[in-house]
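Beneath this line is the structure, given in structure tokens, with notes to follow.
The values are calculated or read from the model by the stated rules, or taken from the named source; none is laboratory data. Model, not experiment: these values are computed from the prediction. In case anyone asks, the SASA skips ligands and DNA or RNA and just uses the protein heavy atoms, side chains included. Shrake-Rupley method; radii C 1.70, N 1.55, O 1.52, S 1.80 Å.
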Amino acid sequence: MTGRGHRIVTFMVVGGATGSPLAAAFSLFGATLPDSLERTLWGRNRNRYHRRLTHWFVPWLALALFCFRRAGWGLPVAAALLDGGEGVLWSCAAFWLMGCVLHILEDACCGTVPFLFPMRRTFGVHLFRMSSRIGEMSGGEVAFTLVAVLLSLAGWVGQGLAL
Ligand SMILES: [Zn+2]
């Protein structure tokens, strides 16, 4: 998926699932991190390692669960963040890492990512094709993003804002 698609879908899905704009905002930091990390680690050779180690959900999810546990499984609350409470910082970190987990799930909707082994891409479906132009959203990606946004909006409106 394109970076734009990842950011829109991740923000809306986390917002729709939690009702928390702060959780959605922190998930944005992770929404494109696996791809950025891939570029940083492997640069020009990145095609060889595309969607492999950096797109293995296990370490991202394990770190997210560790942070959620430290946060007492709570949502980040703006007032607590301004007070600099420790729990809210763990919660923000947890949603940052969940952004990475969602990135991988989104990539699994238009290709394959690793499941049990980090260097073997074996998990995923081809719901839509990517555009051949880098950074351009294909018609399928736009449709996928639109459906995710509408479903998330329904969830967000249904539960109201958790500030
Ligand atoms: Zn990716």
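Observations
- Within the accessible area of the chain (1.4 Å probe), percent carbon and sulfur: 67 percent
- Measuring nothing but how far apart in sequence close Cα pairs (under 8 Å, 6+ apart) lie, relative to its length, segment 3-159 scores a relative contact order of 31 percent.
- Estimated translational diffusion coefficient (Stokes-Einstein, Kirkwood radius over Cα pairs, 10 °C, 1.306 mPa s) of the chain: 98 µm² per second.
- Exposure rank, largest accessible area first [His6, His50; 1.4 Å]: His50, His6
- Per residue accessible area of the chain, 1.4 Å probe, in Å²: 55 Å²
- The distance linking segment 117-136 with segment 65-88 is 33 Å (Cα centroid to Cα centroid, whole angstrom).
- Where Ile104, Ile8, Ile134 fall by accessible area, highest first, once all protein chains stay in place (1.4 Å): Ile134, Ile8, Ile104
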